[in-house]
Structure formats: structure tokens, C-alpha cells
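For reference, the structure discussed in these notes is given below.
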Amino acid sequence: MATNAPAAAHALAILTLLARRPTPVSAAAIARDLGLPRSSTYHLLAVLVEQGYAVHLPEERRYGLGVAAFELGFAYTRQAPLERIARPRLSRLADAAGHSAHLAVLHGRDVLYVVEERVAGRPSLVTDVGVRLPASLTASGLALLAALPPAQVRALFPSVDAFVQRHGVGPTSLSQLRRELSATRQRGYAVEDGQVTPGLASVGAAVLDHTGHPDAAVAVTYPLEGVDDAARAQLAVLVRACAAEISVRLGHRG
């Protein structure tokens with residue numbers, strides 16, 4: 001059993017790499033990026049293709065994810081471990097903050113909201129479970145993008161046409177987005193002031209998995225009026241603590 005462990009680890013590394021690339025990848029690139037011998041890489045890819053976890057595109061000489069990988073991901077969605085772990089912690093966050101809290105995941109250039117914890121008496125929000133919003137406009141999205149490799153951000157936003165605005169505010173180019181993401185990393189959390197809904201603002205922090213990849217983001221939304229810089233800083237402390245707690249439960253040991 002132990003002799004098969006390296007091969008299993010390498011196969012999982014290949015699947016992880018394929019899952020994180022926006023387009024299919026050549027075997028040579030896989031071998032190079034993972035530091036594997038080409039012969040081993042081709043052998044593992046053949047096994048993954050045979051089992052349906054990868055697909056070979058001979059006309060492009062590249063490999064992508066197969067149907068079995070999709071089925072595995074769908075099974076994960078059915079079990080919803082991320083939501084199960086996050087929901088009670090978001091509930092406590094909303095109680096402590098006194099404002100509505102949510103959890104979102106990256107879906108292409110958008111964020112998809114998967115958990116919402118509303119606080120009675122607070123303003124109604126456009127965010128809700130199943131709602132998608134441009135990642136570049138939201139605190140959740142900016143927190144997620146700031147935790148991604150620069151090349152992946154560039155692939156998501158290849159041109160100015162990739163940027164969307166709701167109220168005439170927010171980044172309109174990759175250089176502007178990069179400046180915002182740099183500021184997010186420096187302060188340790190993302191901010192959004194009226195880019196989604198005028199008069200409302202949010203602070204967000206990324207939830208990281210065991211590899212350091214951002215699985216989701218936690219955010220709190222509050223009215224701009226009545227919340228000063230000190231209060232916002234305290235909200236950021238609560239949001240970061242909640243995101244860190246969920247990250248630990250997902251295996252992150254940063």
C-alpha cells in the first residue's frame with residue numbers, strides 16, 4: 001500500500017493542477033510545473049484518462065478535466081462541507097458584528113453567494129444564496145482574487161471588456177485591479193464602498209484550503225453612515241478571525 005502512495009500523491013497533484021488552470025494543459029507543462037519525470041506524467045495521465053478523471057485532446061496535445069472529476073466535484077457540492085463548516089461561524093460573526101454576513105465562492109469572474117446570515121433591522125441586500133456579482137466589485141471577490149496567483153488573475157481579466165460596473169465605480173483595467181489587490185494584501189482584508197449598492201460597504205477576507213488556495217471568502221456588509229474607520233477596522237478583525245477559523249477547519253496551517 002505504501003509503495004503506491006507517491007503515485008497517488010502525484011495523480012492528485014495533476015488533478016489539482018488541471019482544476020486550477022483555465023484551459024487544458026500539455027503533458028510537458030504538467031511535468032515541468034510539478035517536477036515530475038515525463039514518463040511518469042504520461043503514465044499517470046493515461047490512468048486518469050482511463051478512469052474518466054482527465055480527458056486527452058489529441059488535436060491540441062493537451063489534457064483537461066474529465067467527467068469523473070465533474071461528478072466528484074458535484075458530489076462535494078451535494079455534501080456541502082464548506083457550507084456546513086461555515087454556517088455556524090457566520091451566524092456568530094453576524095451576531096458579533098451586528099451586520100449581515102455572507103460566504104461566497106469564485107465562479108469565473110463572478111462571486112457566487114452560498115451562505116447568507118441576515119441581521120434583523122439592517123438594510124436589504126442584493127446578495128443572497130445563488131446570486132452572482134462581479135468579483136472585481138465585491139469585498140468577497142477582491143479577497144479571493146488577492147489570494148490567487150497573478151497569472152490566474154490575468155487569465156480571468158484578459159482585457160478591459162472583462163470588467164463590469166454597476167454604479168460607475170470600480171476597476172476598469174487590469175492595472176487598476178492589481179493596485180486594489182495589492183492594497184488588499186497589504187491591509188489583510190478587502191474593502192468595498194458603494195460599488196455594489198450605494199450607501200452600503202463591505203469588508204471581506206479569504207478562506208484558504210490546506211494548499212493555501214482560496215476556497216471562499218467571508219464578508220460583512222454594513223451601511224456607510226454611522227460606521228467610522230475605527231468601527232470598520234473592528235469589523236475587519238471579526239471577519240478575518242472568522243475566515244481564519246473556517247480555513248483551519250479546511251486544513252489550512254498557514
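The values are calculated or read from the model by the stated rules, or taken from the named source; none is laboratory data. Quantities reported herein were computed from a predicted structural model and do not represent experimental measurements. Every residue, glycine among them, receives a Cβ derived from its backbone with ideal geometry; neighbour counts consider all protein chains shown. To get the accessible areas, we keep the full protein, side chains included, count just its heavy atoms, and leave off ligands, DNA and RNA. Shrake-Rupley method; radii C 1.70, N 1.55, O 1.52, S 1.80 Å.
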Query - Residue check for Y76: in contact with a His (Cβ under 8 Å, 6 or more places away or on another chain), modelled with pLDDT under 95 and either outside any helix (DSSP H, G or I) or closer than 27 Å to V218 by Cβ (or both) - result: no
Report task. Scan the stretch 49-58 residue by residue and report those that are open to solvent by less than 60 Å² (accessible area, probe 1.4 Å), touching a helix residue (DSSP H, G or I) at 6+ places or on another chain (Cβ under 6 Å) and either closer than 16 Å to L17 by Cβ or of a type in the set (S, T, Y) (or both). Result -> A54
Report task. Please report, ordered by residue number, the helices (runs of 4 or more DSSP H) entirely within the stretch 1-58 with at least 1 residues that are under 26 Å from P158 (Cα atoms). Result -> 5-20, 27-34
Query raised in the report: Which of the following residues is crowded, with 18+ Cβ neighbours inside 10 Å, farther than 20 Å from A101 by Cα and touching a residue at least 60 places away in the same chain (Cβ under 8 Å): L177, L181, L142, L148?
Result: L148
**Report entry** Residues of the stretch 205-254 satisfying the condition of being of a type in the set (D, E), part of a loop (DSSP other than H, G, I, E, B) and closer than 30 Å to L15 by Cβ
**Finding:** D209
Query raised in the report: Do we find that A46 is among the hydrophobic types (A, V, I, L, M, F, W, C) and crowded, with 18+ Cβ neighbours inside 10 Å in this structure?
Result: no
Requested in this report: Would you check which residues across the stretch 191-240 are at negative phi and without any contact (Cβ under 8 Å) to a residue 24 or more places away in the chain and list them?
Outcome: D228, D229, A230, A231, A233, Q234, V237
Report task. Kindly indicate whether G199 is in contact with an Asp or Glu (Cβ under 8 Å, 6 or more places away or on another chain) and open to solvent by 30 Å² or more (accessible area, probe 1.4 Å). Result -> yes
Query raised in the report: Among the listed residues V203, V169, which satisfies the condition of being touching a Lys or Arg at 6+ places or on another chain (Cβ under 9 Å) and either modelled with pLDDT under 85 or among the β-branched types (V, I, T) (or both)?
Result: V203
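Each row is one residue, and each column tells you yes or no for (1) open to solvent by less than 20 Å² (accessible area, probe 1.4 Å); (2) farther than 30 Å from A243 by Cβ.
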| residue | (1), (2) |
| --- | --- |
| L15 | no, no |
| A27 | yes, yes |
| S40 | no, yes |
| G73 | no, no |
| L103 | yes, no |
